[in-house]
Amino acid sequence: YAAGPLGEFYQADAGLRDQGSRTAAEAGLYHHTTQVNQAVEGDSTVDVGFHYIAVDITSGAPLDSDGDQLPDYVEDLNGNGTLDPRETDPLQEDTDHDHLCDFDEWYWYLLHPYGGPYDPRHPDTDRDGWPDGAEAALEDPQWCVLYPHDYTLWAWRDFDTLGRSPALPDAEVTMTWEHDQPGSLDREGDYAECHEDPPPETILGEGDLLEWPADGDGTEKHWHTTYGDPNTRVWGEPSGIPRPPSSTVAVPWEYRGMFSMTMDPPSSGTYIRDAYTTVYLKTHVPQWPKDKISLILGCWAWDLTSGSSLDPTATGYGLGEPVTGDRTTPVDAVATPISVAGQVGHVPSAGNYVNVMVQWGKEDDAEVTPEIALQWYDYEMQVSLPHPITLTWSHHPGVTSLPDLQAAFDEGARLLARDDDGPGEGGDQDDWACYLEFFILTPKASEFPEDFSGDEFIRVTDFDELLMLQQAPFANIKLVESISIDRGENDLWKPLGFAVPPNGMVLTVAGVDAVTVVHELGHLCGLEHRTNNADAIMYPVHGARDEVSRPEASKYLQCHLAIWGW
């Protein structure tokens, strides 16, 4: 015997090496050793004698091939060197491909006596369509935020009323504000109500300007400014409000495009206002299970070109800037389209709000300011999530040129979200926006298992074999080279895909395109072919199609498919 990292009974010579009656894997000793040099038994004939867990010769820690902080022998519970049910893979940090490492998932799972929120042996532990990695990302309150990025303002009040009080001067204000830079405010004149009857009344002589200096500590500071003396500016105390990105910053979300109006007697003159706020969408989900995240942006807007918002005598409109308007006139999104992120918004019903779906980078930050054909409006925005659908895919080992199935489904999601008909009539045949988020994951069997690895399952020519393949539960989607089935009397059927509810879909390599994948998914959701509209996604002939009816959209949005292959 010889002394080693874990004891004094390692074998000093080769006399008992490989002398057992079976393999070490069959004995459950795949990750063990009898040698001082820590040579792993593996699939070799088992050594006779006492076995130690194999460790790293330098650190003395049990071997951890995938570096996920779980030793190999812990992940392979029965020690046979293969990935069996209820085990995680010692060679993969993320066994279930949900973008949470096995160690983190085991920690959460074992922390809860009845099973935790994340199980490393299944990509969607609670079977709700969201992979565990996505759910973990969404728990962060800052995973996604809409925030005012910058604000600029120029406003001018020019009175021509004769005999007015000296307390009612002409006035000008300019203001710039950016979320991570010091702001500026230049104000001349007094903040006053502009009345002759009742007499002029000063309502405010000083105020605060919000600033988040780029070199600050992340808390709000502000200049305290006396308007009568612009040189009197002192730092205020930190308020504890987080620096943006934050949706709670007190800057108005508005667009005022050089709006000019003439004030009526008794206070006559001109009032001009030019203000613009840009709004950004920021995401921070580095562990998201794919490159982009799908988000629904909703926008509400108010038309401020009429009504009391234009009253220059109202408190708050005497150039005490910035101001928000009188939200009494919502924008009719049917008559006046609202564009968000370059897309004309879908109007879910006749009303004053719209939705668009964007596919955003996992760590992106860019402008999504809405555009409306109005000269003066305020707006609000919110973010919500589409309906999730997670599917697994596997391919025949003979398929060597693998297409990007995730990209095809993401493009299909964009087709489903498109509404080219505007608000329409709301009828069954109207184009209807349908918002889905697809996660296409690799199951345990990334290639067809042995029973389906023959030539008859790569170029499928028999309908019974096609049904067998479609119904086999090793993956939701199976990728083959071709489907060509002779159904008699020269009737050759060559579909690009084949699907029958509730779970199975077979796609050909040529059928991995946006229309085909969401068409076949429609069948899994219970939809039949639709022949009354050649633009419909469920039209039976292959082509460029992008329309779904309202009932079809409802079927897609109610679809919950079991994840096969785990």
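Scanning the range 71-98 for residues that are touching a residue at least 60 places away in the same chain (Cβ under 8 Å), touching an Asp or Glu at 6+ places or on another chain (Cβ under 8 Å) and crowded, with 18+ Cβ neighbours inside 10 Å turns up D96, D98.
I'd like the residue in the range 24-55 that is in contact with a Leu (Cβ under 9 Å, 6 or more places away or on another chain) and not in a loop (DSSP other than H, G, I, E, B) and, out of all such residues, is nearest to T82 (Cα to Cα).
From the range 24-55, those in contact with a Leu (Cβ under 9 Å, 6 or more places away or on another chain) are 31, 34, 38, 40-41, 46-49, 51-55; that's our starting set.
This time we only want the ones that are not in a loop (DSSP other than H, G, I, E, B), so: 52-53, 55.
Working: Y52: 20, I53: 17, V55: 19 Å.
Ranking the qualifying residues of the range 24-55, first place goes to I53.
Against the condition over 29 Å from D365 (Cβ atoms), open to solvent by less than 50 Å² (accessible area, probe 1.4 Å), at pLDDT 75 or above and within 25 Å of the chain's Cα centre (by Cα), how does P148 come out, does it pass?
Details: over 29 Å from D365 (Cβ atoms): no; open to solvent by less than 50 Å² (accessible area, probe 1.4 Å): yes; at pLDDT 75 or above: yes; within 25 Å of the chain's Cα centre (by Cα): yes.
Spelling it out, it is not the case that P148 is over 29 Å from D365 (Cβ atoms), open to solvent by less than 50 Å² (accessible area, probe 1.4 Å), at pLDDT 75 or above and within 25 Å of the chain's Cα centre (by Cα).
Comparison of A39, A24, A54 shows that the only residue that is under 23 Å from F103 (Cα atoms) and open to solvent by less than 60 Å² (accessible area, probe 1.4 Å) is A54. Assess whether A413 counts as being among the hydrophobic types (A, V, I, L, M, F, W, C), in contact (Cβ under 8 Å) with a residue 12 or more places away in the chain and assigned to a loop (DSSP other than H, G, I, E, B). For A413, the condition - among the hydrophobic types (A, V, I, L, M, F, W, C), in contact (Cβ under 8 Å) with a residue 12 or more places away in the chain and assigned to a loop (DSSP other than H, G, I, E, B) - is not met.
Candidates in the range 378-399 are the residues that are under 16 Å from C144 (Cα atoms) and not in a strand (DSSP E or B); of these, the one that is least open to solvent (accessible area, probe 1.4 Å) is P386.
Conditions tested, residue by residue: (1) part of a helix (DSSP H, G or I); (2) open to solvent by less than 50 Å² (accessible area, probe 1.4 Å); (3) within 30 Å of R418 (Cβ to Cβ); (4) hydroxyl-bearing (S, T, Y).
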site: D464; (1), (2), (3), (4): yes, no, no, no
site: F474; (1), (2), (3), (4): no, yes, no, no
site: M505; (1), (2), (3), (4): no, yes, yes, no
site: A510; (1), (2), (3), (4): yes, no, yes, no
site: H519; (1), (2), (3), (4): yes, yes, yes, no
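For D126, the test of being at pLDDT 85 or above, part of a loop (DSSP other than H, G, I, E, B) and open to solvent by 70 Å² or more (accessible area, probe 1.4 Å) is passed. Considered as a group, the residues in the range 535-563 that are without any contact (Cβ under 8 Å) to a residue 24 or more places away in the chain and over 16 Å from R418 (Cα atoms) include one that is nearest to the chain's Cα centre (by Cα), and that residue is Y539.
Criterion applied to V480, V512 was being in contact with a Pro (Cβ under 8 Å, 6 or more places away or on another chain), on the phi < 0 side of the Ramachandran plot and touching a residue at least 24 places away in the same chain (Cβ under 8 Å), and the one residue passing it is V512.
Looking at the range 42-51 only, could you name the residues that are without any contact (Cβ under 8 Å) to a residue 40 or more places away in the chain and either on the phi < 0 side of the Ramachandran plot or surrounded by 18 or more Cβ atoms within 10 Å (Cβ to Cβ) (or both)? Correct list: D43, S44, T45, V46, D47, V48, H51. Checking every residue in the range 404-420 against the condition of being at pLDDT below 95 and either surrounded by fewer than 17 Cβ atoms within 10 Å (Cβ to Cβ) or among the β-branched types (V, I, T) (or both) gives at least one match. The lone criterion from (1) out of contact with any Leu (no Cβ under 9 Å at 6 or more places or on another chain); (2) closer than 30 Å to W154 by Cβ left unmet by V368 is number (1).
Of the numbered criteria (1) at pLDDT 75 or above; (2) surrounded by fewer than 16 Cβ atoms within 10 Å (Cβ to Cβ), the one D158 fails is (1). Number of residues in the range 327-351 that are open to solvent by 40 Å² or more (accessible area, probe 1.4 Å), in contact (Cβ under 8 Å) with a residue 24 or more places away in the chain and not hydrophobic (A, V, I, L, M, F, W, C) equals 6.
Of all residues in the range 272-301, those satisfying the criterion of being surrounded by 21 or more Cβ atoms within 10 Å (Cβ to Cβ), modelled with pLDDT under 90 and either over 19 Å from W253 (Cα atoms) or not aliphatic (A, V, I, L, M) (or both) are R273, T277. Per this entry, D104 is counted among residues that are open to solvent by 30 Å² or more (accessible area, probe 1.4 Å), over 30 Å from G7 (Cβ atoms) and out of contact with any strand residue (DSSP E or B) (no Cβ under 7 Å at 6 or more places or on another chain).
The values are calculated or read from the model by the stated rules, or taken from the named source; none is laboratory data. Keep in mind it's a predicted model, so treat the numbers as computed, not measured. Positions of Cβ are generated from backbone atoms using ideal geometry, with glycine treated the same way; all protein chains shown enter the neighbour counts. Ligands, DNA and RNA are excluded from the accessible area calculation, which covers all protein heavy atoms including side chains. Shrake-Rupley method; radii C 1.70, N 1.55, O 1.52, S 1.80 Å.
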